[in-house]
1. Taking only pairs six or more apart or across chains, which ones have beta-carbon atoms under 6 Å, a first residue in region 204-223 that is assigned by TED's automatic domain parsing to the domain that holds L422, and a second residue that is of a type in the set (V, I, T)?
2. Within region 293-346, take every residue that is free of Cβ contacts under 8 Å to residues at least 40 places away in the same chain and basic (K, R) and give me the one that is nearest to T195 (Cα to Cα).
3. Criterion first (closer than 28 Å to D243 by Cα and in the same structural domain as F440 (by TED's automatic domain parsing)) does P356 satisfy it?
4. Just give me the residues in region 50-95 being part of a strand (DSSP E or B) and of a type in the set (S, T, N, Q), in sequence order.
5. Hey, could you check region 369-391 for residues that are small (G, A, S) and in a strand (DSSP E or B) and say which is surrounded by the fewest Cβ atoms within 10 Å (Cβ to Cβ)?
6. Only one of these is among the β-branched types (V, I, T), more than 19 Å from A351 (Cβ to Cβ) and within 17 Å of the chain's Cα centre (by Cα): T303, T332. Name it.
7. Quick check: is even one residue across region 330-349 at pLDDT below 95, surrounded by fewer than 24 Cβ atoms within 10 Å (Cβ to Cβ) and polar (S, T, N, Q)?
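The values are calculated or read from the model by the stated rules, or taken from the named source; none is laboratory data. None of these values were measured; they are calculated from a predicted model. Backbone-built Cβ (ideal geometry, glycine too); neighbour counts: all protein chains shown.
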Amino acid sequence: MAVGLAFAMYAALAASAADAFNWSTNRNQVTADIQSGKLLSVLQNIATSTGWKVYVEPHAASHSVSAKFKNLPPGEALRLLLGDLNYALIPDPTNSLLRLYVFGTTMRAATEQVHPVRTGESGSRTNLIPNELIVRLKPGAKIEDIARQLGAKVIGKIDSMNAYRLKFDDASATESARQELANNSDVSSVDNNYTIDRPTTPTGLPGSTVPPPSLTLKPPPEGGRLIVGLIDTAVQPLGNGLDSFLMKALSVAGEAQLDPNSPSHGTSMAETILRGLQAMTKGSTSVQILPVDVYGPNASSSTFDVANGIAQAINGGARIINLSLGSESDSTLMHDIIRDASSKNIVFFGAAGNTPVTTPFYPAAYPEVTAVTAIDQGQLASYANRGSFISAGAPGTSIVYFNNQPYQVTGTSTSAAYTSGLAAGYGDSTHSSANQSQTFILNNFGIKITVTPPGEMSR
């Protein structure tokens, strides 16, 4: 059965010269005259017009669309465009927009994400930052000279990667600069920068029988303390005797402005890591967490800032790095820094995403990262991503305390953080390397998702 909700939208787009398709978002009306279009193209235009995240059942993407109507409400328009297919519109928990799922029999089968198309940029993602580029230089080259020639501002750098974040006046200037940089012998690569949404905050509970973590910090062993890098929002004081487990926080995105009345996502992930530590060490550990804030006061982070946060965590001595964040956009820079760290026996655990689809979710989808999805009562959680890139599963719900009040945080972010704590606890209690801890996780919490539609998995 199709499900429709009231919604607001922001743009309109013509589908092609042959077929007319206009989604008037300010008037909430849709007009179409499509003789023999493909469903995938129609869904791409809907994604572009509305800003929704759109997902389709894979075999349905090639369906033909034939419809003619004028100035219909979106719900009626979708019904005519989709024919005998079903759809569901549900709120996106990360923002004020919606998710559109198109499927034959069950919403859970809509696992393929349909990316919007911008004029002149076929296949580009909505989270592209259009007036920025990430530039990596060859040794000896000076970014100041290059930026001056291009009329750009240098607004970020990662020294260890010789990488720089350049900001231009507009998208046109960015594209002109991209062409010039491609012919510059001092430039080793040019990459796009993408936004990464701020993770959702926990939900308050009226009460809980689950107590806060109970841990004692031990002195470091001879070989040094095992450090978990937490790449996330800023972390607040934990209370309950747990603040000794937090190292001095770092930030790559400015000073955060946190709500003093509720825990941030980073605070929740820090406490969830400690729960994993407690489960593995029985309450006594020398492990500490290095918080790295990649959001600051901003509504979103970026692939550049996450890569920079990873670099800072590595410089701070982290051997296990937790990435309870991400997006559908692949970043060469972020992958390169993870790949380089992995070659130095640093391990990563990443959230698989909460859509739920099979679409790769980065950085978890990089082969060097252990992608962790959420398990609920022994089954794949209904909200959890389920792509073939996933290699581990863990509980997706955690109870955290802030100002002595309980909160619940749910998602694959929680699963990744808990797994990072388990891995660190195993390494600390058995004096194992980070790689050995990763192997322990895969042997005991590993899953292999081999079948779509979602819900099918085997250990």
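1. S208/I399; V210/I399
2. Result: R339.
3. No, not satisfied.
4. S64, S66, N71, N86
5. Selected residue: A374.
6. T332
7. Yes, region 330-349 contains a residue that is at pLDDT below 95, surrounded by fewer than 24 Cβ atoms within 10 Å (Cβ to Cβ) and polar (S, T, N, Q).
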